[in-house]
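Values quoted throughout were computed directly from the atomic coordinates according to the rules given, and no laboratory measurement underlies them. Since we're looking at a predicted model, the values are computed, not measured. For neighbour counting, all protein chains shown are included, and Cβ atoms are generated from backbone atoms with ideal geometry for every residue, glycine included.
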Ligand SMILES: NC(=O)c1ccc[n+]([C@@H]2O[C@H](COP(=O)([O-])OP(=O)(O)OC[C@H]3O[C@@H](n4cnc5c(N)ncnc54)[C@H](OP(=O)(O)O)[C@@H]3O)[C@@H](O)[C@H]2O)c1
């Protein structure tokens, strides 16, 4: 089958390009194709006529989205809708990457796929509104919500912690936000299986287990054998422009139903460290 990866230069996109074997793959960055340009999107999709489009392209700077709302909605919501329209026209299947930030974080048990969306940030709203637009335009599309993505080829939490820990004896990390770290390689492998199984509807795709950012940072430092002390701080102490959900653990039930198990985040972190060197 022919697959078009949009966002191929991102953390997930690069993992998809590396992991996907045996199919005809084309990958675009924003320089190759800006998904805000409806004519270009239409032209590219008609020309390539892919069986699947994996839409990993997004404006992912959560704090940046607060001040650059036009870009946030233009790429994440309207750009996604333009891709969905082109997919519909050419009968391509579409898998769209969404986020745990579509939820408000007030639950204390894992979020299920049919829990009510209530995003708290511009980024979360742009993703939630994209999901709704896509469900209207292309009801059979697959929406894969993921969270706390890390991997090679871009800015991610473990990379930041490792760089900071190399120079600082103490690191303050937020302990009152809980989620599921997800390794780009494991997410890419799950996405490949979802496409091959012709999955549709909403699926939650994360590594298994959950932790706070503080616990995640502690594991990163320990795994690297560094002596840096990691200290817990509250979200209120580390004010950021965009509000984050306090609890955004995504239930793995939807992925289990499709027979796709995910490794634990601790195992994923070990493999990331080996890959990073
Ligand atoms: N990172 C996370 O923690 C996280 C959590 C939940 C969900 N997600 C979702 O997972 C997906 C992949 O995330 P990621 O971390 O791999 O993203 P990333 O590393 O920030 O990469 C974003 C990708 O989107 C492309 N892009 C940006 N604006 C574009 C535009 N206007 N037109 C076309 N392409 C554009 C970028 O191209 P250039 O390289 O040319 O700029 C890049 O390839 C995204 O949909 C994201 O929202 C991420």
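Results, tabulated for the structure shown:
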quantity: Shape call, the chain: gyration tensor on alpha carbons, a/c limit 1.5; calculated: prolate
quantity: Rounded to 5, the percent of DSSP beta bridges in the chain classed as antiparallel; calculated: 5
quantity: The chain, relative contact order in percent, only Cα pairs under 8 angstrom and at least six apart counted; calculated: 21
quantity: Computed label-point distance, nm, for sites residue 91 and residue 253 using a 7 Å Cα→Cβ extension; calculated: 3.5
quantity: The range 130-159 versus the range 172-197: alpha-carbon centroid distance in Å; calculated: 10
quantity: Degrees separating the helix 80-90 axis from the principal Cα axis of the chain, which is the longest one; calculated: 30
quantity: At 0.692 mPa s and 37 °C, Stokes diffusion of the range 139-277 via Kirkwood alpha-carbon radius, µm² per second; calculated: 206
quantity: Fully extended contour minus Cα-Cα distance, from residue 264 to residue 229, at 0.36 nm per residue; calculated: 10.2 nm
quantity: Antiparallel bridges, percent of DSSP beta bridges restricted to the range 127-222 (to nearest 5); calculated: 25
quantity: For the range 1-126: rounded, prolate or oblate by the Cα gyration tensor [a/c cutoff 1.5]; calculated: prolate
quantity: Global form of the range 50-205, assessed from the alpha-carbon gyration tensor, a/c cut-off 1.5; calculated: prolate
quantity: Simple spin-label estimate for residue 32 and residue 196 in nanometres, 7 Å along Cα-Cβ; calculated: 2.2
quantity: Label-point separation, residue 23 to residue 271 (7 Å along Cα→Cβ), nm; calculated: 1.8
quantity: Estimated FRET transfer efficiency (residue 118, residue 2; beta-carbon r; R0 30 Å; 0.05); calculated: 0.20
quantity: Whole-number Å³ per residue for the convex hull built on Cα positions in the range 120-188; calculated: 132
quantity: Cα radius of gyration and Dmax for the range 4-45 (Å); calculated: 10.8, 30
quantity: Degrees between helix 265-276 axis and first principal axis of the chain (Cα, 0 to 90, nearest 10); calculated: 80
